[in-house]
Every structure is written in C-alpha cells, then in structure tokens.
1. Quick one: what do you get for chain A if you divide its Cα Rg by 2.2 N^0.38 Å?
2. Give me the inter-chain shielding for A:364-377: mean count of other chain Cβ atoms within 10 Å, whole number please.
3. Among A:Leu107, A:Thr231, A:Leu282, whose Cα lies farthest out toward the positive end of the dipole of chain A, if unit charges sit on the beta carbon of Lys, Arg (+1) and Asp, Glu (-1)?
4. Taking N as the number of residues in the stretch A:65-107, what is its alpha-carbon radius of gyration divided by 2.2 N^0.38 Å?
5. Would you kindly give the portion of the calculated P(r) for chain B that falls above 25 Å, as a percent of all Cα pairs?
6. To the nearest 10 degrees, how steep is helix B:214-233 against the longest Cα principal axis of chain B, on a 0 to 90 scale?
7. Most exposed first by the Cβ proxy, i.e. fewest other Cβ within 10 Å, how do B:Ile278, A:Ile193 rank?
8. Other chains' Cβ within 10 Å of A:390-401 residues: what's the mean?
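Each reported figure results from applying straightforward, stated rules to the coordinates on display, with no laboratory input. Everything quoted here is computed from the prediction, not taken from an experiment. Here the Cβ positions follow ideal geometry from the backbone for every residue, glycine too, while neighbour counts run over all protein chains shown.
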Amino acid sequence: MKTITFPHGIHPPVYKEPTAEKRIETMAPPEKVFIPLHQHFGAPAEPLVKKGDEVYLGQIIGEAKALFSASVHASVSGKVLAVDGYNHPLGKPLLSVSIANDGQDRLFPDLQETKDAFSLSPDEIRQKVKEAGIVGLGGAAFPTTVKLSPPKGKTIDTIIINGCECEPILTSDYRLMLEYPEDILKGTELVRIATGAKRIIVGIEDNKKKAFGLLQEKIQDYTGEIVLLKTKYPQGAEKNLIYAALRREVPRGGLPFDVGVVVQNVGTVKAIWDAVSKGKPLYERALTVSGNGIKEPKNLLVRIGTTFQNVVDFCGGFEESVNILVMGGPMMGLSQWTSDVPVIKGTSGILAWTAPDPSIEYTCIRCGRCIDNCPMRLVPTQLMKYVRFDHLSEAENWGIQDCVECGCCQYTCPANIPLVHWIRLGKNQIMSSRRRKSA
Amino acid sequence: MIDKTYILQSSPHFKDKDSVPKIMYVVILSLMPSFLTSVYFFRFRAIALFVSCIGACLATEALFLWLRKKPKHSLLDGSAVITGLLLAMTLPPSLSLDRAVIGAVAAIAIGKQVFGGLGHNIFNPALVGRAFLQTAFPVAMTTWIPPAMLKVNTVTFATPLDNLKFQDAVAQGTLTSLKDLFLGNIGGCLGETSALALLLGAIYLFYKRAIDWRIPVGIICALTVFTGIFWLANPDKYASPLFHILAGGLLIGAFFMATDMVTSPITPLGSWIYALGIGIMVGLIRLFGGYPEGVMYSILFMNTFVPLLNRYTRPRILGERREK
C-alpha cells in the first residue's frame, strides 16, 4: 500500500511488542494524589481550593486565568491535604493540590451531558473544552482551546489527526485507536465544527496496520480520509506530519494556523468527545508503562496526580538494576530523578530501563549525519559549535529556534556529542537575554 | 518515602551503535583490497612502506597526545592508522623508508595535530605528508619502478600519466591500455594502480554509507566533462575521459581522500561545489599544468575553501522563505 512521508528522519528500533497487544487497563485510583497546577504549556492555573476542603471527582480545583493556560480538576473525591510545592516531572517542586482519596469517587454534580453534541456552536464546543481543561495529550500539552480558536484572518481548511505515535515503546495511542475508534472520529468531527474546516485527514504509521484498517472501516460513517504514513521518526512531529500529508510548509516561527491546518493527537480528540458529550473533565489519561526495567509492561488508564511509583507498583514494580526513569518516549521524554512524581496531563508514558555506561565523547568529525537526518533541515553540529563558543546571534541565523528537539541528530552522532543539550542551552540563553532586554 | 534516585540526562535517551572508531575501521577495511593488490604488485617494498608509515603516524600521534595531555583513547580511534595507510598508498614504491617516515611525521604533526587533532584539521593529513615529501624530495617522489608481475629489465618505469604528458602517448599510439589501468598492472603509487581494488573498497564504503556519495560522483562527472570536451575536439592529442578516470590517483583521491569527513564540506550544496572544483582542477593540471598528475594539489586546494563553503551553503530550513 502506498505510504507518504517527509524527507530526512531516522529509524530507531520501535520496541512496541511488549504492550502493543495489551488492552488499556483501568488502574484503581491511589490513596493520595498530587495534582500540579502547572501541567501544560503556558501559565499555571490558580488554586480554587485550600487545605481541608472536601472536593468531588471532576471538580475544578485550579482555574485558567491566562489565555495560554488550562484548568485543573480533582481526579478523586476526598479531602484536600495541602496546597503546596510537590515534586514535578519538570524537575523542580511546583504548586500542587494533594488530595486524600475517600474511595467514593463521588462525581461533581455540576457536570452535564450533552445529548446532541454535533448541534453545538463552535463557541459552545470551545467553552466546554476549556472547562474540561483539555490540553494536547501527545506530550507537549498545548492548551486545546487555543488550537480550536484560529486567530482572525486565518481560515482553517484541514484537520489532521495524529495517530503516528512515532516515539519508540509507546503504544497507548495505538490502543486508543483500536478500542475507541468511534470516540476518536466523533471528537474529530467536533474539532472540525469548532474550526470550520472542510477536510479531515487521519495519519497512521504503517506499523499500525490494524488501527488503519479499523478506522478505515469506521470512517465510512463520517467525513474524512485515513492516510498511511511510513514508519519513521519523527513522523508525528507537527510540522513534518503537515508536510507529509499536505506538502505544506509551516513558515519559520509560525503555527499550523498559518497554513490553514490544525493538528490534534488521537488521545486529545477522544478527550474532547468525552468532555463535550459527557461533560467529563480531563482527570485521567491513557499511558504506556514499559521498558525492560518494568516487570509487567502495560497500557493503563491512570488518574492525574498518581505517582509514578504507584503506577509502576501496579505493573509489578521495577526490576532491580533500573537506573533510568523517563516520562514520555525515549526520544523526547524527560528523565526523572525520583519515582515520587505525579502523572500529569502530558504523561504519555512511564519508561524505565537499565542504561549502559555512557560512551566516550569524541570531537565532531563533520560526518554530516546530523544534517542528513534533521527533519527541520538544520545543521545541528554548527549550532552546537555556535552555542559552545557563545556566538548566539549566529546560532539564531542558523535557525536554532526552529529546532524541535526531536533528537535525530544526537541519536545518529558517531561522536556521541550531546547536540540536543547544546541546542537547548543556546535556546535558553537566547530567551533569557531577550527577557533581560525587554525588562 | 522513596530513596532510590535515577540518572538525569538530556533527551534523546536512545542512541544508535555507530561511533567514530567504527567509521574509521570501516574506512580501513575498505582500503584492504588496495592494500592487498599493492602487496601483490610491489611485494616487500609495499609491506615495508605500509609498516613504516602506519608506525610513524601512530608514534607521532601518541607523542602529541602525551604532550598535550589528551586522553589516550584518541590513539585507538583508527584515524592515525588511516592517515598512515593512505600516505603509504600515495608514495612511489621505490621511496626509501626514512623518507616515508619523515612524510608520516609531517602528516600527523603538520597536517593534523598542530590544528588540534582529529576533527580540527583543515587539510587532509595524508596529502599534507605527501605534499611535504613532494617538495622535499622531488626526484625520489617521481621515480617509479615496474610492478613485480611485469618482467621488464628497466630500473625505472614511467606511469601512464607520465607517458601521456611527456611522451605524447596519444599521438604515438603508446597510451597504456584501459585494461591494464583497470587491473593495475602499471607503474605508479602503491595503492593507486589497481582501479578494480579501489572500486571494490568504494562499493563497501557506499554500502556502509561511510562517505558522501556526492563527492566522488561530482569529481568524476566534472573530470569527465572537462576532459571529454577536449577529447571530442581533438582525439589525436587528448586522452579519453575514461583514461583520465582510471589513471593516476583520481579514484583513490575521489573515493578515499576528498571524502575525508573532517576536511570536506558538511552541507550538500557545499559538497557539490567542492567536488566539481576538484574535478576541474585535476583536469586543468593534467592537461595544461606542469605536472602529469594533479589530484593531490586539487584536493588540498579545495580543502582551503571548505570553511567558506560550509558558511555560505546553509541548507534551506523547513518553512523558510528566501528573499530573491
């Protein structure tokens, strides 16, 4: 069958076998949850509860005040133990609401079902999505309301649903496509209504033929088409996916809006459907727990705020020799120093394994592999050198801000140079010097 | 309370298995067919030259690493062995061993370590060593002996390109046959004589994706067009492009020297310009220059442009619109 793709990229081993055929299991809510108020791109939500308050499951506990923000909801019913700093996957303690689970799962009474979701207006859909605190579930956790509100003067003609799951090891999106195909397609339709788009494209990598076949069959009842994409990393990166599907290039520094496109992850559209039709806030998500450091790898539906330790205990615990714990995929995930961090909205996976000893770093021999593989067509080795020697304005000229940190360059670097790390450092230095200037 | 802590590291957390030493050993392996044919053609002379060049390169590298207090693993990365191998392959089989050692020391010291070692040098180290010898011992570097297979009683022997340049071989009808050029039954530098062996190595390099294909393709195309124009205009005076490709150091230069990662451009467009420049320079020197052969100087000349080429040939970023 014909597949489409983008230029460059890499083929890392996928390691999806341990969990690909395992159904998404529902994990029982833990005794305590720690729900950070900052789980998304943008400003943190502001707390609405205080110590000692009784909360319901699905009750709003943090309110989005800024444009780029998302509301946060209680993922269990019970008593608020503290509103205080707690370990966060981003690495430092952030303001979180700790709740003792009373085991009742008493649902917040204000949540309302909508019988005929498709008759809602775009504004009503956006409002419900905003109330439910939905963010992109692919990992970047970008507030979904913003994505559903095209700025004035930009028309959206195409919705792309991202079912690539190009990160190795992760399988939860694949399972969602197999287990909830209708919810995904219904959520997609809501996105189409909200943005006024005409066309729907669902992109799936060709190593997920089963999901492709199933959605192909189900989509007959809806409008839209399914395209098969070549299995290649990073096929699911927004700009590359848009290029593969439509041959459109998102301008430098621009957003998919600029080429008339909105991209949504399959998990996100399912959450949109749940939020709009059932009134269900985003208080749980599907994720993959895998890697050879996990005794029984699984796909799980987990309440937000459950600690990684609780989740891994549910999967039989860690193997003895584990020394790496990662939130997300192995290519772009964030490594964690402790398992005492909560699952947040952007947690697409919890991976653990035993890392080999670090290999020797050589000097760059200018082999050019980083250039041959960069999906953004950058020159990573040159960016690394500019950052290393403090030529930040040159690094900007060479497109350091266009880097999506996918890691293709570093994956293939024979000299073992931490290219992505250098590029991140350069971006941070540029951002902080900009802040100094504007202050 | 959970006590166990984990390693914090920057993503990506996966890495393929390739490494600098592995690339170097692929290149060494790809030079083996040529190594074996040169031993076959030049017997003991070949072995002696290889041993002294590689030995001197490694010793010089070790000395510099020790002086500069650099980690010793750099010695075993294979790059010094490649320099030694390539240098030996570009030497006349009759060259005395002490001179070969001088060339090897110059290659590593002047060609590589003064710039800061692997990855920092501007010029191909092996060619720097050879250029050093060419300047220091011009006669010894242009004196050739016949390969052991040829039962000829001469002490010295001209290379096919010498014949072409100085004996007017095309007009005389004494041009070396393409078959001899291809198999290597001719005079010349140790490793450059057999086109067949070099091509075998090149296929392996392509298979392993260890070289940028644009560079050999660009060089050969440019030389073909350049020499082809003159050949078509006057076939009684000029040799065919195929002769030029197979003769002298063109193949070893195009596949093994010009493709040196450190001293060739990193951008695709830069590689094309660099390769075309080499091909045309070789043609110019061979047809109109004072030397019969010009591969070494062409590559060294284009090496000087690599930093500039890298700087001005940045690829177009995804989504970038360039003003006309």
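1. It is 0.96.
2. Counting Cβ atoms of other protein chains within 10 Å of each residue's Cβ and averaging gives 6.
3. After comparing all options, I get A:Thr231.
4. The reported ratio for this selection is 1.36.
5. Here the long-distance tail beyond 25 Å is 52 percent of all Cα pairs in chain B.
6. 20 degrees
7. Ordered by Cβ neighbours within 10 Å, fewest first: A:Ile193, B:Ile278.
8. That average works out to 1.
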